[in-house]
Amino acid sequence: MYRYDEFDHQFVRDRTNQFRNQAERRLSGELTEEEFRPLRLMNGLYLQLHAYMLRVAIPYGTLSSRQMRQLALIAEKWDRGYGHFTTRQNIQYNWIKLEDTADILDALAEVEMHAIQTSGNCIRNVTTDHWAGAAADEIADPRPVGELLRQWSSLHPEFSYLPRKFKIAVTGAPNDRAAVKVHDIGLRLHKNGEGEIGWEVIVGGGLGRTPMVGVTVRDFLPQHELIGYLEAIMRVYNLYGRRDNKYKARIKILVHEIGAETFKAEVEAEYAKRPHPSTEVEERELKRIAAYFAAPPLEKLPRWSPSFEEAKLANPAFARWTKNNLGPHQADGYAIVNISLKPEGGIPGDATADQMRVMADLAERYSFDELRVSHAQNIVLPHVKKDDVFAVYQALEKVELAAANYGLAGDIIACPGLDYCALATARSIPIAQSISRKFADSKKQDEIGKLKINISGCINACGHHHVGHIGILGLDKKGEEFYQITLGGSSAESASIGTILGPGFAGHEVADAIETILDTYLKLRDPGEEFLATYRRLGAKPFKEALYATA
Amino acid sequence: MPLLKNNLLVSDTWITAEAEGELPNAGDVIVPFARLHTEWDALSARTGRLGVRFGNTDKPEALAGFLPRLSVIVLPFPAFNDGRAYSIARRLREMGYRGELRAIGNVLPDQLQFMLQVGFDAFEIGERFPLETWQKASRQMSLAYQRGLFRRGAEAEIWTERHTDAEPWLEQPHAG
């Protein structure tokens with residue numbers, strides 16, 4: 001894992017002091033709320049419906065157990081004993097006081113964390129594959145580039161007042177778990193015939209009001225050109241992105257309005273005009289960073305673990321959990337453990353301080369001190385010996401973290417919605433809870449198989465509903481909440497935007513509607529066919545008929 | 001209006017010409033960008049120094065031919081969160097411009113250091129904040145990760161410091 005050196009420490013300290021001063025000037029009235037707003041946002045502080053919300057950056061979703069314990073402490077000391085893990089691999093606290101914020105930032109700095117640029121019209125926390133460094137299908141660990149981009153984008157003087165927010169995602173594996181095609185910039189690693197690696201640069205993807213799949217502007221950018229090339233993209237966007245309408249200000253709109261070819265030509269022209277200094281420092285810096293991400297000292301183990309197999313035979317609930325919640329590790333004898341933060345009827349992504357501490361302890365004892373936050377709002381222990389998996393499971397069970405629904409119908413992504421958010425038009429959490437209860441029967445969930453249900457409480461799409469296999473969007477119709485259902489979205493390597501199925505539903509009807517859709521799928525699927533594949537084969541028609549014929 | 005330069009208040013000795021009307025006979029004058037094209041001969045014949053008021057939707061490349069003759073380029077911030085002038089300033093410095101780059105409009109202490117880092121060196125600041133606030137604001141951060149920035153404050157480039165024996169990114173082209 002990356003560790004701060006004296007420079008990183010000093011940088012975060014300066015920034016915290018600067019914010020302390022800004023908060024004092026706001027409290028004394030020297031700064032107007034309008035002037036303070038972008039300053040606090042760039043430090044992760046939002047004003048929500050009931051209180052301030054602080055969003056803490058978890059760069060590329062990687063945490064040590066010490067950091068996780070500090071997050072637990074903050075939840076207890078300054079919030080209400082819990083935190084909410086987000087789709088940007090961050091954590092947010094929903095009940096924060098402005099006057100405590102600088103102290104919280106100090107507490108974060110102690111463990112090499114910050115809240116810089118978790119909001120505002122700047123480059124946000126860079127996200128990546130939550131299985132990075134452990135996944136069996138990986139070409140290379142994308143986190144060194146993630147850290148390089150974190151540093152480069154931190155308080156970048158040219159790109160801190162962009163037309164709109166800017167999100168970058170990086171994946172080092174062909175199976176895209178980082179949704180790179182629906183980001184402002186997505187980077188995907190490739191290896192060519194000579195065994196060299198290069199980055200595919202994808203620009204202009206995004207969700208929100210105008211969902212779009214990004215376009216590739218470079219197929220194979222050499223790694224040492226990454227920073228220079230990204231600066232060229234950012235400059236074109238900063239100069240020509242729309243600023244007259246915040247709903248048309250993301251880079252995807254610029255790419256769409258001037259056309260992908262023109263956009264690409266602008267970027268290439270800008271890149272050619274840049275002074276081209278030696279990239280020696282960047283290369284050396286990347287090498288320095290990469291050393292921190294060296295693989296942990298994994299033991300040489302047989303693929304087969306007798307104790308693991310015996311535990312599965314003796315305990316069917318454990319067997320089911322291993323089937324759903326383990327991911328394939330690079331090394332024999334190890335597994336990736338996915339901890340679902342989606343207990344039946346719970347709030348997706350929430351964890352209590354006690355749960356955070358248990359996960360931290362397990363990481364320290366069984367996973368080389370490492371945890372990950374996934375963009376699907378779950379927690380990952382990336383390197384667990386198969387021999388230890390049963391012990392991990394038992395510990396998780398005690399704190400209600402053993403839901404065996406990873407990747408299934410119960411593993412729902414949901415934004416905070418109208419329960420917390422000032423922008424929301426409808427509630428998301430109760431909808432997630434009702435669906436989760438509807439599919440509480442584990443047999444039914446297993447029968448349905450891999451499924452992504454994503455829920456957003458407004459058109460800004462923080463719950464990524466456009467790329468859910470089943471997406472649910474909460475809207476307001478004359479003071480009544482109602483919910484639109486989309487089918488066929490995906491954020492994986494074959495990304496697609498879901499299609500609206502038909503008229504919306506009242507909140508209490510949504511779970512039944514989802515059940516009708518899934519029963520239709522079970523009737524029509526070919527053997528072994530996943531929901532998304534069936535939808536892509538048959539289209540919306542049979543689902544529409546089933547849903548609206550009886551209505 | 002006084003200007004902030006090198007952390008001190010100095011008086012602005014330049015005359016600002018409007019879009020139309022007579023140019024003053026003598027003295028340093030700042031003209032709107034359009035007049036640079038239409039009245040180039042008259043402007044070249046003058047004895048005083050020449051500056052231009054540029055828009056934040058104008059392309060910096062349009063100034064290329066004029067740069068050696070310009071002593072001031074004025075860039076506007078119509079709102080503090082309209083960040084286009086940051087890119088224009090940096091591009092102008094990359095094009096080799098070494099004269100004064102002046103920020104006008106909604107210029108606030110909390111953005112001062114960013115402006116310095118992209119190459120601005122003069123600021124129309126009005127009277128809302130005391131000089132001390134501006135002076136403090138120019139050195140809030142002692143470090144920056146990015147390379148190729150201007151270091152008129154105290155900040156060091158982290159990546160360069162970490163690899164001190166490597167080549168510099170670019171010579172600091174302008175001492176301010």
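The values are calculated or read from the model by the stated rules, or taken from the named source; none is laboratory data. Treat the numbers as computed from the prediction; the structure is a model and nothing was measured. Every residue, glycine among them, receives a Cβ derived from its backbone with ideal geometry; neighbour counts consider all protein chains shown.
When region A:1-36 is limited to residues that are of a type in the set (Ser, Thr, Tyr) and within 26 Å of A:Val145 (Cβ to Cβ), the one that is farthest from the other protein chains (Cβ to nearest Cβ) turns out to be A:Tyr2. Candidates A:Glu310, A:Glu282, A:Glu261: the one that is of a type in the set (D, E, K, R) and surrounded by 13 or more Cβ atoms within 10 Å (Cβ to Cβ) is A:Glu282.
Scanning region A:501-511 for residues being surrounded by 13 or more Cβ atoms within 10 Å (Cβ to Cβ), in a helix (DSSP H, G or I) and not small (Gly, Ala, Ser) gives a total of 2. Pairs under 8 Å by beta carbon, first residue more than 20 Å from A:Lys167 (Cβ to Cβ) in region A:252-278, partner among the acidic types (Asp, Glu) and modelled with pLDDT under 95, six or more apart or different chains? Within 8 Å, the pairs are A:Lys273/B:Glu94; A:Arg274/B:Glu94; A:Pro275/B:Glu94; A:Pro277/B:Glu167; A:Ser278/B:Glu167. Among the candidates A:Gly498, A:Gly449, A:Gly410, A:Gly468, the residue that is surrounded by fewer than 18 Cβ atoms within 10 Å (Cβ to Cβ) and at pLDDT 95 or above is uniquely A:Gly449.
Is it true that some residue in region A:472-492 is small (Gly, Ala, Ser), surrounded by 22 or more Cβ atoms within 10 Å (Cβ to Cβ) and in contact with an Asp or Glu (Cβ under 8 Å, 6 or more places away or on another chain)? Scanning region A:472-492 turns up at least one residue that is small (Gly, Ala, Ser), surrounded by 22 or more Cβ atoms within 10 Å (Cβ to Cβ) and in contact with an Asp or Glu (Cβ under 8 Å, 6 or more places away or on another chain). Total residues in region A:129-178 satisfying the condition of being within 14 Å of another protein chain (Cβ to nearest Cβ), charged (D, E, K, R) and farther than 22 Å from A:His464 by Cα: the figure is 3. Just one of the numbered conditions (1) within 23 Å of the chain's Cα centre (by Cα); (2) farther than 30 Å from B:Phe80 by Cβ is not true of A:Arg88: (2).
Can you name every residue in region A:1-12 that is assigned to a helix (DSSP H, G or I), touching a residue at least 60 places away in the same chain (Cβ under 8 Å) and crowded, with 16+ Cβ neighbours inside 10 Å?
If the condition is that a residue be assigned to a helix (DSSP H, G or I), touching a residue at least 60 places away in the same chain (Cβ under 8 Å) and crowded, with 16+ Cβ neighbours inside 10 Å, then A:Asp8, A:Phe11, A:Val12 are the ones that fit.
Take the conditions (1) within 14 Å of another protein chain (Cβ to nearest Cβ); (2) touching a residue at least 60 places away in the same chain (Cβ under 8 Å); A:Leu71 misses just one of them, which is (1). Would you mind stating whether A:Arg80 is within 30 Å of A:Thr171 (Cβ to Cβ), away from chain B (no Cβ under 14 Å) and surrounded by fewer than 22 Cβ atoms within 10 Å (Cβ to Cβ)? Against the criterion (within 30 Å of A:Thr171 (Cβ to Cβ), away from chain B (no Cβ under 14 Å) and surrounded by fewer than 22 Cβ atoms within 10 Å (Cβ to Cβ)), A:Arg80 does not qualify.
May I ask you to say which residue of A:Val358, A:Val267, A:Val373, A:Val281 is farther than 30 Å from B:Asp165 by Cα and within 14 Å of chain B (Cβ to nearest Cβ)? Criteria check complete, one pass: A:Val267. Considering region A:121-166, and only residues there that are in contact with a Ser or Thr (Cβ under 9 Å, 6 or more places away or on another chain) and small (Gly, Ala, Ser), the residue that is surrounded by the fewest Cβ atoms within 10 Å (Cβ to Cβ) turns out to be A:Gly133. Residues that are without any contact (Cβ under 8 Å) to a residue 40 or more places away in the chain number at least 3 in the following strands (runs of 3 or more DSSP E) confined to region A:155-221: A:197-203. Could you list, in sequence order, the residues of region A:519-546 that are surrounded by 15 or more Cβ atoms within 10 Å (Cβ to Cβ), among the aliphatic types (A, V, I, L, M) and farther than 14 Å from A:Gly488 by Cβ? Residues satisfying the conditions are A:Leu524, A:Ala546. Scoring B:Val52 on the criteria (1) surrounded by 12 or more Cβ atoms within 10 Å (Cβ to Cβ); (2) within 27 Å of B:Arg139 (Cβ to Cβ) leaves a single failure, condition (2). If only residues of region A:179-231 that are over 20 Å from A:Leu149 (Cα atoms) and among the β-branched types (Val, Ile, Thr) are counted, the one that is modelled with the lowest pLDDT is A:Thr210. Take A:Gln22 and decide whether it is of a type outside the set (Val, Ile, Thr) and modelled with pLDDT under 95. So A:Gln22 passes the test.
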